């Protein structure tokens, strides 16, 4: 891997830069320090995204930066390309954003003023949606679609959650009922859609004083705007001040842009079931069994609540 990184640094005219490993999720990420500048070198996981999708993400980031959003800016290689093939793997370089992640999943928030930060996050999310609506992507732009098919269709983007092999028969039946009900519900709603980040979990929100940065657009695409709101809230439900955080985020969003929040419970359940599908091909990774268990519990809790509320409305 070191040879690959050095080859990539040479392509970006940074042969003497220092680098350090940061994280490995869908990308393997290194922090690169070159003189007074810092960058994130991202080595893409083979097979997760096609070349056109990766280039589209970089086009999107550049457009959002031009619109004034707090996002990383892609840096061109010495060949003038924003994406390069190195050692059979796609690689890009984006500016490093200084700050602190909002928090870590399943750990209590340690922010000095979490309510204020969630208001800032809601504001930044609304600005993102406005900027996306104002942008006219190039004709080559291609990203995934978090529409009804992408969430509860035959082949959801993150997998057929109702077929997770660890589910008990009654849990499987409940998720299958949810899938049917959610699809029916989505088909009759006229919801706000457009480009969304789709993964605004704590680790993808960087805070620096009153500034909120959004990182990791790897799963971004077209979808329901409520999905972004639900994703930002979902893993904070155990926080003792959750209702305050939720209200602050919604108010921050609403101060910038209108969004009908009346179906947020549906999207919290939709966000929850995606993880039940996402974990299946990763079941052999360290810690995945425990993650699978709490993903399933979260999903079943939210699905039960949604079904209890929706059955009378849909059957009446």
Item checked: Count of the stretch 205-235 residues which are under 28 Å from residue 98 (Cβ atoms) and either in contact with a helix residue (DSSP H, G or I) (Cβ under 6 Å, 6 or more places away or on another chain) or not in a loop (DSSP other than H, G, I, E, B) (or both) -> 18
Next item on the list: Being modelled with pLDDT under 95 and either farther than 23 Å from residue 15 by Cβ or buried (at least 21 other Cβ atoms within 10 Å of the Cβ) (or both) narrows it down to one of 62, 49, 42, so name that one.
Entry: 49
Note to self: Yes or no: the stretch 55-66 includes at least one residue that is within 14 Å of residue 92 (Cα to Cα), touching a residue at least 60 places away in the same chain (Cβ under 8 Å) and not in a helix (DSSP H, G or I).
What the structure shows: no
Next item on the list: Keeping to the stretch 114-137, report how many residues are more than 19 Å from residue 219 (Cα to Cα), assigned to a loop (DSSP other than H, G, I, E, B) and in contact (Cβ under 8 Å) with a residue 24 or more places away in the chain.
Entry: 0
Next item on the list: Please find, among 245, 266, 270, the residue that is in contact (Cβ under 8 Å) with a residue 40 or more places away in the chain, in contact with a strand residue (DSSP E or B) (Cβ under 9 Å, 6 or more places away or on another chain) and assigned to a helix (DSSP H, G or I).
Entry: 270
Note to self: Can you pull out every residue in the stretch 1-21 that is assigned to a strand (DSSP E or B) and surrounded by 15 or more Cβ atoms within 10 Å (Cβ to Cβ)?
What the structure shows: 19
Next item on the list: For residue 111, indicate whether it is surrounded by fewer than 17 Cβ atoms within 10 Å (Cβ to Cβ), outside any loop (DSSP other than H, G, I, E, B) and more than 20 Å from the chain's Cα centre (by Cα).
Entry: no
Notebook entry, point to check: In the stretch 151-193, which residues are in contact with a strand residue (DSSP E or B) (Cβ under 8 Å, 6 or more places away or on another chain) and part of a loop (DSSP other than H, G, I, E, B)?
Noted result: 157, 191, 192
Checklist line | Unmet criterion (only one of (1) farther than 28 Å from residue 93 by Cα; (2) assigned to a loop (DSSP other than H, G, I, E, B)) for residue 291 | finding: (2)
Next item on the list: Could you check how many residues of the stretch 248-261 are in contact (Cβ under 8 Å) with a residue 60 or more places away in the chain, in a loop (DSSP other than H, G, I, E, B) and surrounded by 14 or more Cβ atoms within 10 Å (Cβ to Cβ)?
Entry: 3
Check: Within the stretch 194-219, restricting attention to residues that are touching a strand residue (DSSP E or B) at 6+ places or on another chain (Cβ under 9 Å) and more than 23 Å from residue 53 (Cβ to Cβ), which residue is surrounded by the fewest Cβ atoms within 10 Å (Cβ to Cβ)?
Finding: 208
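The values are calculated or read from the model by the stated rules, or taken from the named source; none is laboratory data. All values reported here derive from a predicted model rather than from experimental measurement. Reconstructed Cβ throughout: ideal geometry from the backbone, glycine too, with neighbour counts over all protein chains shown.
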